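Visitor: Dumping the structure here so I can ask a few things about it.
The values are calculated or read from the model by the stated rules, or taken from the named source; none is laboratory data. Not measured: the values here are computed from a predicted model. Accessible surface is based on the protein model in full, side chains and every heavy atom, while ligands, DNA and RNA are left aside. Shrake-Rupley method; radii C 1.70, N 1.55, O 1.52, S 1.80 Å.
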Amino acid sequence: MISENLESQLFKISKGYFQGKPPIQIKCLPGLIGTAHAQNLQILHECTIGRPGLQMPVQYRTTFVKFVINQVEKHTEPVKPTVVEFYNDKDEDKDEEDEVPGLHLWYTELEKISASPAESFFRLYDINNKSSNSSDPIKIFEHENTFVSEGTTGFMTWEASTQFSNWILKTRPSWLLDTNWAIELGSGTGLLGIRILKAFPNITKYIATDGSEGVLENCHRNFTTNLSTSVTCTKVLFEKLDWVLDTEKFKRIVDKTTAEAGIGVLLGADIVFDVTLIPHLVTFINIFLDTQVSSCCLLSCTIRNEKTMAVLQKELE
């Protein structure tokens with residue numbers, strides 16, 4: 001029987017594992033490993049690396065397993081053999097790793113992973129807290145621990161996008177239930193749009209935009225991985241959009257889609273970080289709101305610099 005406290009810890013660990021967080025940053029993991037109880041190691045294995053039908057890329061699994069093994073060995077006092085154990089050393093069934101019950105699972109896993117080919121890195125979102133298969137996890141291909149790649153930050157899912165989509169799914173706001181389409185600025189990996197299309201069938205058109213061709217290609221891959229081909233082909237449009245150069249292009253997209261689908265909503269998550277681009281962002285917002293009387297725009301921002309947010313607020317006034 002698992003205690004309520006242990007179950008809560010395992011859920012946090014499982015969530016961190018499937019989101020590909022560095023093991024040292026996963027809450028509760030170092031403490032749980034530090035106890036080195038056989039039961040804890042067995043249950044930890046079941047809810048992470050040994051979870052059937054749901055796994056992370058080989059590179060991440062290797063890092064995770066090595067972390068667990070190193071932490072267990074670090075917190076475990078070496079067993080000094082007694083005289084009796086010395087003379088019974090001929091027992092072929094005795095194994096060194098048996099000194100830490102439960103750790104043999106992790107050594108076996110490491111051996112198995114070592115023979116596997118490398119994979120494209122991805123993270124899993126919307127994992128349930130059961131040890132069985134998740135009902136419908138979202139698989140997002142990202143660049144592992146690379147904040148800037150190809151001159152853009154769009155190859156990673158940022159916290160503002162995760163929290164924004166969490167809030168939308170929890171509150172199910174009327175402005176999204178009553179609208180027909182949405183356009184997202186700086187779509188990045190596409191998590192926000194994928195979650196919206198899964199939860200809101202009333203959205204007939206979702207326009208994912210970004211300033212990078214490479215980011216849009218990866219975004220398209222994530223949409224097709226998580227949504228049916230018919231949904232991706234009929235509901236989703238991917239547009240390269242430069243905030244400085246493509247003002248007229250944005251207006252044409254908004255005018256055309258409004259004429260075809262009616263009221264829409266403008267979305268953006270973690271796209272406010274360069275003060276030089278804020279005036280252009282506000283221009284896009286004004287174009288969108290001026291086109292539609294009953295439309296709305298929602299941005300989700302991580303406040304990293306108070307001055308940057310002050311510039312945004314001033315431009316919006």
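Visitor: May I ask you to rank His75, His45 by accessible area, largest first, using a 1.4 Å probe over the protein chains only?
Guide: His75, His45
Visitor: Just by accessible area at a 1.4 angstrom probe, what is the order of Cys219, Cys296 from largest to smallest?
Guide: The residues order as Cys296, Cys219, largest area first.
Visitor: Structure shown: which of Lys205/Lys256; Lys66/Lys139; Lys198/Lys240; Lys205/Lys240 lie over 19 Å apart, alpha-carbon to alpha-carbon?
Guide: Where the Cα-Cα span goes over 19 Å, the pairs concerned are Lys66/Lys139; Lys198/Lys240.
Visitor: A follow-up question, please. Counting only protein heavy atoms and a 1.4 Å probe, tell me what percentage of segment 1-74's accessible area is made up of carbon and sulfur.
Guide: 54
Visitor: How much length is gained if the chain between Gln19 and Asp290 is pulled fully straight, taking 0.36 nm per residue apart and subtracting their Cα-Cα distance, in nm to one decimal?
Guide: The Gln19-Asp290 span can extend by a further 93.7 nm.
Visitor: Once a ≥ b ≥ c are taken as the square roots of the eigenvalues of the Cα gyration tensor of segment 1-40, is the result rounded (a/c under 1.5), prolate (a/b larger than b/c) or oblate (a/b not larger than b/c)?
Guide: Because a/c hits 1.5 or more and a/b fails to exceed b/c, segment 1-40 counts as oblate.
Visitor: Sort segment 155-288 into rounded, prolate or oblate with this rule: let a ≥ b ≥ c be the square roots of the eigenvalues of the Cα gyration tensor; rounded if a/c is under 1.5, and if a/c is not under 1.5, prolate when a/b is larger than b/c, oblate otherwise.
Guide: rounded
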